[in-house]
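Okay, structure first, notes after.
The values are calculated or read from the model by the stated rules, or taken from the named source; none is laboratory data. Since the structure is predicted, the reported quantities are computational estimates derived from the model, not experimental observations. With ideal geometry, Cβ positions are generated from the backbone for all residues, glycine too; neighbour counts draw on all protein chains shown. Quick note on the areas: whole protein, heavy atoms, side chains included, nothing else; ligands and nucleic acids left out. Shrake-Rupley method; radii C 1.70, N 1.55, O 1.52, S 1.80 Å.
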Amino acid sequence: MTSDSTLAPRDAEPGVGSNRAEYGVVALLLVMGLWAILATVGIEDRAARGFVTAKTLPIAVGIMLIATAVFLAIDIARGGHGEQEEGEDVDLSHGSDFRTVALLVAAFAFNAALIESIGWPITGAVMFFLCTVALGGRHYLRTALIAVILSFGSWYLFYLALGINLPLGLLDGVL
């Protein structure tokens with residue numbers, strides 16, 4: 001590949017409407033950028049004392065999203081297109097593993113449904129354990145021990161370091 005070929009337009013994918021998905025990404029980036037900027041208008045800067053305010057980062061992100069959308073649209077119009085993932089460690093000839101997805105959704109749904117009544121330390125441990133098993137963990141005792149440590153450790157981190165009270169549920173009065 002010579003340096004001149006990087007400036008030449010790339011061939012578009014064959015087929016009618018093959019750029020619809022790419023232009024969909026452009027539209028999504030534009031909407032997100034405009035939303036970030038417009039949502040920032042309502043932020044009050046009472047404590048602002050200089051150039052960097054509460055509005056600075058959201059506006060910068062919005063501008064970058066819009067700029068990315070414009071550059072992507074130009075690239076697509078010149079014939080550019082996304083390439084399929086090579087899948088260095090994934091066999092792309094196989095379909096999606098819906099069992100794993102279903103187990104992950106069940107783990108998060110369990111946590112969301114019972115966090116108030118049972119509490120974060122217990123539902124978090126169950127969620128961490130189920131997610132690990134769903135993703136292929138087979139050392140159940142070690143996985144359970146790590147899940148309990150992560151769950152209780154994250155509860156203490158949120159409570160002591162951040163001042164955020166996650167629900168205790170059944171362990172209220174114990175921790």
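Counting only protein heavy atoms and using a 1.4 Å probe, what share of the accessible area of the range 99-175 belongs to carbon plus sulfur, as a whole percent?
C and S fraction of accessible area: 74 percent.
Over the chain, what is the relative contact order in percent, taking alpha-carbon pairs closer than 8 angstrom and at least six residues apart?
Reported as a whole number, the value is 19 percent.
Work out the FRET efficiency for Leu34 and Glu83 from their Cβ-Cβ distance, taking R0 = 30 Å, and round it to the nearest 0.05.
After rounding to 0.05, the efficiency reads 0.60.
Calculate, for the chain, the solvent-accessible area per residue in square angstrom, rolling a 1.4 angstrom probe over the heavy atoms of the protein chains.
73 Å²
Run the numbers for Leu170 and Arg142: contour at 0.36 nm per residue of separation, minus the present Cα-Cα distance, in nm.
7.7 nm
For Ile149 and Phe108 in the same chain, what is the full-extension length gain: residue separation times 0.36 nm, less their Cα-Cα distance, in nm?
The span from Ile149 to Phe108 would gain 12.9 nm if fully extended.
Once you sort the root eigenvalues of the Cα gyration tensor of the range 35-162 as a ≥ b ≥ c, which label holds: rounded (a/c under 1.5), prolate (a/b larger than b/c) or oblate (the other case)?
oblate
Find the relative contact order for the range 41-145 and round it to a whole percent, using C-alpha pairs within less than 8 Å whose residues are 6+ positions apart.
This gives 16 percent for the range 41-145.
Using +1 at the Cβ of each Lys and Arg and -1 at the Cβ of each Asp and Glu in the chain, identify which of Gly82, Tyr140, Ala102 lies farthest towards the dipole's positive end.
Tyr140
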